[in-house]
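None of the figures in this text is laboratory data; all of them are computed from the coordinates on show. Nothing here was measured: the structure is a model prediction, and the numbers come from that model. So basically every Cβ, Gly included, is an ideal-geometry build from the backbone, and we count neighbours across all protein chains shown.
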Amino acid sequence: MSPPVFRTLLLGIAGMGGFVYGYDIGIIGAALLYLNKTIQLTATQESLVVAAVLAGGTASSLVAGVLADVLGRKRLMVASAVVFLISVAMIVLAQGFAPLLAGRTLQGLSAGMMAFVIPLYLAETLPATIRGRGTASFQLLLTIGILVSMAVGRHYTAGVEGLPTDTAAAALRAAQDEAWRAMFLTAAWPGVVFLAGSLLVTESPRWLLRRGREADTRTALERSRDRDEAEREFAAMRASLAPASAETGPAPSGSLWQRRYLSPFLLTCAVLGLTQATGINSILQYLVVILKESGLGATEAAARATWVTAVNVVFTLLGLLLVDRIGRKALLKLGTAGIAVALGVGAVVFWRLQTGAMPAGGLAAVLVTGCLMLFMAGFSTGPGVCVWLALSELMPTRIRSLGMGVGLLLNQGISTAIAAVFLPVVKHHGYAVMFAAWAVCSVGYFLVAAFWLPETKGRTLEEIEAEFSR
């Protein structure tokens, strides 16, 4: 297989992993319409079923780094695909709360492993010239997965809602039961494709070299590069893994607390934490509810939510095209500036709605829709594309797995915290407060991108590490 063909295979596998991750996020919304009508669930149990994926993802971030180092990047990708397919089977066959919760938790575990290992694998395997596009393909297919899951949900929902009004109760219940199970079952085919693709690729060359397998490392590099480029990168990789100099102090060579490692580690954690502090997950989960709050009816709010989601896909594609041309730093500055403006205007609109200074509907609904579309455009072009690159590019080779695991745990923890306070805050203080808080965090994000984040476009991982060492 020639290097260009192999690189295409890598991008396709990464994209399919992102698709599985996005589909997993999006499909629960429509499934909830019928799930609790065919399986007896209390309100608390229903909330646990929804939150189980998030909890599973948080748990997997605790161990993904260790597993990636022990098993290797390729084996962890294969394992995440297998766990995902097992989770789909458990959910589709579930007849009660316990197996349903277990299946959703396994889905979260697999999704968390994919979110960790795919960017890591691509960063360590792809040439520097296309590393940005490669990692961005994960985010692009993630957004497409969310969009497709909404379309699938609407398809099965339409089938149930289109039944005659005189349909017998037993027949209606059977149709509802079939609908939500079919929604989850459709996730199996991208999971199978991802599994098959993961079995075809080579192991990460940097993982192989750390295991002392130099011949396998050269072979892996030559799969995606020409021979001369592979030799140059192999020499740089060997040099970067040479014993640290005495200037680094008495800390072990793989310790996070060395100065040469602490700076990129803290910077990566800042980017990952601030990405969630923009409110992206809560906005996606409560998109229809937020639009209804502006004065729209349920049907119109659902339609405009689809527009916003489509903007997410289109601008992620734009970010993918630009990330290796204008660079990560420029995209993050542009994206976070747009996010801050969108959230700031949204906070003002909701404040005026809450105080009665602006009537609901009409102009208010147009402004809120526009703000959400601008938010999504800014996020998908900037943080959506660049966060996975920051996670994998900034961490030095010796601490990459451990550092990425800690960073992803922080990312998931902040997402969980925002989800926990979102409904209580909007209930007591309104949406304006949440939008304003997210806007302030986005301004901080812009400052980090503008003043502290180094540009990594077109540079090998070893060159990036050398800059932090200096």
Can you pull the one-decimal nm distance between simple spin-label points at V433 and W307, each 7 Å off the Cα toward Cβ? 3.0 nm
Per the rule of 0.36 nm per residue minus the C-alpha distance, extending L93 to L423 adds in nm 115.6 nm
Taking θ as phi - 60°, what are the ³J(HN,Hα) couplings along the range 450-457 by the Karplus curve (6.51, -1.76, 1.60), each to the nearest whole Hz, with x for Gly and Pro? 6, 10, 10, 7, x, 7, 10, 4
Which option, (i) 1.02; (ii) 1.13; (iii) 0.99, is the value of Rg/Rh (Cα atoms, Kirkwood Rh) that was calculated from these coordinates? (iii)
Label the range 255-470 by shape, choosing from rounded, prolate and oblate, from the square roots a ≥ b ≥ c of the eigenvalues of the Cα gyration tensor; if a/c is under 1.5 it is rounded, and otherwise prolate applies when a/b is larger than b/c, oblate when it is not. prolate
Other-chain or far-sequence residues with amide H under 5 Å of G295's (modelled H): G361
If the chain between T165 and E463 were fully stretched, how many nm would it gain, using 0.36 nm times the residue separation less the Cα-Cα distance? 100.6 nm
According to the square roots a ≥ b ≥ c of the eigenvalues of the Cα gyration tensor, what is the shape class of the range 1-201, taking rounded for a/c under 1.5, prolate for a/b larger than b/c otherwise, and oblate for the remainder? prolate
Cα-based reach from K37 at 30 Å (exclusive), listing lysines while leaving out same-chain residues under 8 positions away: K292, K427
Return the lysines within reach of K329: Cα separation strictly under 24 angstrom, same-chain partners fewer than 8 residues apart disregarded; answer none if there are no such residues. K457
Based on the Cβ-Cβ distance of T355 and T416, what FRET efficiency does E = 1/(1 + (r/R0)^6) give at R0 = 22 Å, to the nearest 0.05? 0.10
Roughly what would the spin-label model give for D177 and I86, points 7 Å off Cα along C-beta, in nm? 2.7 nm
Long-range amide H partners of S204, meaning residues 5 or more apart or on another chain whose placed amide H is closer than 5 Å, are R73, K74
Phi angles of the range 284-294, converted by Karplus (6.51 cos²θ - 1.76 cosθ + 1.60, θ = phi - 60°) into ³J(HN,Hα) in whole Hz with x for Gly and Pro, give 5, 6, 10, 4, 5, 5, 5, 5, 4, 5, 7
For the range 131-143, in order, what is each residue's ³J(HN,Hα) by Karplus, 6.51 cos²θ - 1.76 cosθ + 1.60 with θ = phi - 60°, in whole Hz (x at glycine and Pro)? 4, x, 5, x, 5, 5, 5, 4, 5, 4, 6, 4, 5
